[in-house]
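Novice: So that we are looking at the same thing, I have put the structure below in structure tokens.
No value in this document is a laboratory result; all are computed from the given coordinates. Remember, it's a predicted structure, so these values are computed and weren't measured experimentally. When we count neighbours, we look across all protein chains shown, and the Cβ atoms used for this are built from the backbone with ideal geometry, even at glycine.
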Amino acid sequence: MDNIIAVIFGIVQGLTEFMPVSSSGHLILLHELLPGFSFTDPIAFDVALHLGTLAAVISFFWKDVIRYVLAIFRIDKTPAQQEDRRLSLLMIIGIIPAAVAGLFLEDIIDMYLRSPLIVAVMLIVVAILFLVVERVDKSRFTKQMEQMTWKSALFIGLMQIFSILLPGTSRSGITIVAGMMTKLKRDQAARFSFLISIPLIFGAGLKKLIDLAIVGLQPEQIPVLLLGTVASAIVGYFAISILLQYLERRTLKAFAFYRIALGILVLIVFI
């Protein structure tokens, strides 16, 4: 049973980390539905899930990761490399707000804001935001990622803070919508969202690794942790691929309707 539960958590994390439906919200709800599970230390399992999704996004974008990291450190640059460096700096701008918020506010968030009620409200609120943005003239969403400005990157980064503060928001969802507000194409907004998620997932995982080093890890927990890691990595990789292809041709409306239905269900069950 422990192995099955670990795989379920891994699948949910892999799917919802990248789909615009909120991973933190779904995991909070899953913990509420399975309140008695104690197959491993919560900190250790959080680390495992983060490592899985980190592996997924790095393996999917590994060429881009190498390209943009090298662009920062090259001295002699071609025009194309200079453009890569500019995009790298834009990603850093997009990362900073959420990184600062997560670093200084995580304990407060864990103590006061992780409840099914907040998850339900934010699932519905952000779904409405999806629908509002999708009512805008579709011809506005024309920009490629390479056409972004520092103001666009900063706006996306600031909007990302809401996903740190309020579970149920969805980091990918709010950043995709923010990108669309700056006239990015949906798939390009998603691409930028996934790229700036790499250091954020890494940072969150590193902090939890430090916490885990303090608490300690029991050897018998390792097989269960590996199952959760592998499940989240495999599912996360395919979730990224499917979502990017989906957003090339379709809108966010289906995700909005799912979020509203789930939010209403949570309100009924928990209230």
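Novice: Let me know the shape class of the stretch 174-248, please: from the alpha-carbon gyration tensor, a ≥ b ≥ c as square roots of the eigenvalues, rounded when a/c is under 1.5, otherwise prolate if a/b is greater than b/c, or oblate.
Specialist: Taking the square roots of the gyration eigenvalues as a ≥ b ≥ c, the stretch 174-248 is oblate.
Novice: What percent of all Cα-Cα pairs in the stretch 156-212 falls in each 5 Å bin, counting up from 0?
Specialist: The calculated distribution, bin by bin, is 4, 20, 25, 23, 15, 7, 3, 2, 0.
Novice: If you keep only loop residues by DSSP, which trypsin sites (Lys or Arg not before Pro) in the stretch 134-188 have at most 15 other Cβ atoms within 10 Å of their Cβ?
Specialist: Passing sites in the stretch 134-188 are R135.
Novice: Moving on to the next point. What are the ³J(HN,Hα) couplings of the stretch 4-13, residue after residue, when phi is run through the Karplus curve with 6.51, -1.76, 1.60 and θ = phi - 60°? Round to Hz, x for glycine and proline.
Specialist: Taking θ as phi minus 60°, the curve returns 5, 5, 4, 5, 4, 4, x, 5, 4, 4 Hz for the stretch 4-13.
Novice: To the nearest 20 debye, what charge dipole does the stretch 129-201 have about its Cα centre, counting +1 at the Cβ of each Lys and Arg and -1 at the Cβ of each Asp and Glu?
Specialist: My answer is approximately 160 debye.
Novice: Could you tell me which of W150, L225, P199 has its Cα farthest along the dipole of the chain towards the positive end, charges placed at Cβ (Lys, Arg +1; Asp, Glu -1), taken about the Cα centre?
Specialist: After comparing all options, I get W150.
Novice: Any idea how far apart Q81 and R249 come out in nm if each label point goes 7 Å out from Cα toward Cβ?
Specialist: Here the answer is 3.9 nm between the modelled labels.
Novice: Also, quick follow-up: For the stretch 205-214, just list the computed ³J(HN,Hα) in residue order, Karplus coefficients 6.51, -1.76 and 1.60, θ = phi - 60°, integers in Hz, with x standing in for Gly and Pro.
Specialist: Ordered by residue, 3J(HN,Hα) equals x, 5, 4, 5, 5, 5, 4, 5, 4, 6 Hz.
Novice: Ok, one more. Over the chain, what is the mean sequence separation of C-alpha contacts under 8 Å (at least six apart), divided by residue count, expressed as relative contact order in percent?
Specialist: Dividing the mean separation by the residue count of the chain yields 41 percent.
Novice: Let me ask something additional. Which stretch or stretches of the stretch 131-174 have amide N atoms under 17 Å from the point lying 7 Å from E106's Cα along the Cα→Cβ direction?
Specialist: Residues passing the 17 Å test: 161-167, 171.
Novice: Using +1 on the beta carbon of Lys and Arg, -1 on that of Asp and Glu, and nothing else charged, what's the dipole of the stretch 2-270 about the Cα centre, debye to 20?
Specialist: For this selection, approximately 1300 debye.
Novice: List the extent of the Cα atoms of the stretch 225-271 along each of their three principal axes, largest first, rounded to whole Å.
Specialist: Rounded to whole Å, the extents work out to 35, 35, 5 Å.
Novice: Under 5 Å between amide H atoms, partner at least 5 residues away or on a different chain: which partners does K143 have, H built in plane at 1.01 Å?
Specialist: Correct list: L184, K185.
Novice: Go through K143/K253; K183/K207; K143/K208; K77/K207; K151/K253 and tell me which ones have a Cα-Cα distance over 30 Å in this structure.
Specialist: K183/K207; K143/K208; K77/K207
Novice: Need the full-extension length gain, E146 to L265, defined as separation in residues times 0.36 nm minus the C-alpha distance. One decimal, nm.
Specialist: Net length gain for the segment: 38.8 nm.
Novice: Top mean-square fluctuation among V125, V235, V69, Gaussian network model of the chain, C-alpha springs under 10 Å?
Specialist: V69
Novice: Is the shape of the stretch 108-200 rounded, prolate or oblate, going by the alpha carbon gyration tensor and its root eigenvalues a ≥ b ≥ c, with a/c under 1.5 for rounded and a/b larger than b/c for prolate?
Specialist: oblate
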